[in-house]
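Just below is one structure, and these are the notes that go with it.
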Amino acid sequence: MIVLHGSAGSPYVARVRMQGYAKGIDIALRPAALGTPEFQAMNPIGKMPVLEHNGFILPESLIICEYLEDLHPTPSMLGVTPQERALARLIPRTVDLYCASLFSLLRAASDSSFKIDEPTERANLEKGLNALEHFLQPTGYAARAELSLADCVLVPWLYYGNKLAAFGDDTLSRFAKLSRYIEMVADDPIAQQVWAEMDEAFRAFMTKWKADQEAAAKKD
Ligand SMILES: N[C@@H](CCC(=O)N[C@@H](CS)C(=O)NCC(=O)O)C(=O)O
């Protein structure tokens, strides 16, 4: 049995689930008890997701995805040729290393107490998106004609990317290949399922967060 400890709203959790749907792997989602000694024992960094498979514990979403590829090589989410496989890995790395400012910008847009250096975060995101635009395929899915690991990472990231657009920020729409991709992938049933699950979890999270904020304000 494969268990994933995490929340559906996390883009890092959602990428593993999306890979599972694309490959037909059954993955049970369990809430991650972040901050508890039990969770720290599974992942000393304290972040979700953590995979549990027959007693084997594995953190870090991209390593989990690679592990699942090794366990279930077909259908491959990486591809056949070395070039195809490299590109399927390059887009996830670009998203993780260079596009993470999206989350700071979004948080700052929805929580006025969260202070960031906005020009710096914007410049970082712009730089990351430039790279993403460079590597994205002009047709088909992100890294090749078919769905790959690149899509499993990009689609959950875009759930939050689209939220930035909902705040009136047109950053993403200024990238032509990315805009084409967003339009194309919106019709993909697996992407739709992942976005719906993320949306349900995100809404529940926001409801609880607002209630907690109100309760804290009443106490002051
Ligand atoms: N590099 C990690 C990042 C995971 C990550 O940032 N997870 C967030 C949720 S979206 C988390 O667990 N945050 C809790 C915390 O930092 O305390 C991965 O790819 O798995």
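The values are calculated or read from the model by the stated rules, or taken from the named source; none is laboratory data. From a predicted model like this one, the values you see are computed outputs, not experimental measurements. Every residue, glycine as well, gets a Cβ built from its backbone with ideal geometry; the counts of neighbours run over all protein chains shown.
Among the residues of the stretch 108-127, just one is part of a helix (DSSP H, G or I), at pLDDT below 95 and loosely packed, with under 13 Cβ neighbours inside 10 Å, namely SER110. Every test in (1) of a type in the set (Lys, Arg); (2) in contact (Cβ under 8 Å) with a residue 60 or more places away in the chain; (3) farther than 16 Å from GLN193 by Cα is passed by ARG17 save one, and that test is (3).
Please go through the stretch 32-89 and give me each residue that is of a type in the set (S, T, N, Q) and under 21 Å from GLN137 (Cα atoms), ordered by number.
Result: SER76, THR81, GLN83.
State yes or no: is LYS210 part of a helix (DSSP H, G or I) and either assigned by TED's automatic domain parsing to the domain that holds GLY24 or without any contact (Cβ under 8 Å) to a residue 60 or more places away in the chain (or both)? Yes. Name the residue that is nearest to MET18 (Cα to Cα), counting only residues in the stretch 57-72 that are of a type in the set (Asp, Glu) and within 13 Å of the ligand (Cβ to nearest atom). Among residues in the stretch 57-72 that are of a type in the set (Asp, Glu) and within 13 Å of the ligand (Cβ to nearest atom), the one nearest to MET18 (Cα to Cα) is GLU66.
Residues in the stretch 165-207 that are part of a helix (DSSP H, G or I) and acidic (Asp, Glu): GLU183, GLU197, ASP199, GLU200. Is it true that GLY46 is surrounded by 13 or more Cβ atoms within 10 Å (Cβ to Cβ) and closer than 24 Å to SER148 by Cα? No, not satisfied.
Confirm whether ALA166 is among the aliphatic types (A, V, I, L, M), loosely packed, with under 14 Cβ neighbours inside 10 Å and within 18 Å of TYR21 (Cα to Cα). It is false that ALA166 is among the aliphatic types (A, V, I, L, M), loosely packed, with under 14 Cβ neighbours inside 10 Å and within 18 Å of TYR21 (Cα to Cα).
Does at least one position in the stretch 148-165 carry a residue that is without any contact (Cβ under 8 Å) to a residue 40 or more places away in the chain and out of contact with any helix residue (DSSP H, G or I) (no Cβ under 9 Å at 6 or more places or on another chain)? For the stretch 148-165, residues without any contact (Cβ under 8 Å) to a residue 40 or more places away in the chain and out of contact with any helix residue (DSSP H, G or I) (no Cβ under 9 Å at 6 or more places or on another chain): absent. Which one is surrounded by the fewest Cβ atoms within 10 Å (Cβ to Cβ) among residues in the stretch 54-63 that are in contact with a helix residue (DSSP H, G or I) (Cβ under 9 Å, 6 or more places away or on another chain) and not in a helix (DSSP H, G or I)? Here the answer is PHE56. Scan the stretch 1-53 for residues that are assigned to a loop (DSSP other than H, G, I, E, B), more than 13 Å from the ligand (Cβ to nearest atom) and under 22 Å from LEU78 (Cα atoms) and the total you get is 4. Each residue in the stretch 146-158 was checked for being under 13 Å from PRO75 (Cβ atoms) and either among the aromatic types (Phe, Trp, Tyr) or assigned to a loop (DSSP other than H, G, I, E, B) (or both), and 3 of them qualify. Here GLU66 meets the list (1) out of contact with any helix residue (DSSP H, G or I) (no Cβ under 8 Å at 6 or more places or on another chain); (2) not assigned by TED's automatic domain parsing to the domain that holds ARG15 almost entirely, failing just condition (2). When LEU87 is tested against (1) in the same structural domain as LEU147 (by TED's automatic domain parsing); (2) within 9 Å of the ligand (Cβ to nearest atom), just one condition goes unmet, and that condition is (2).
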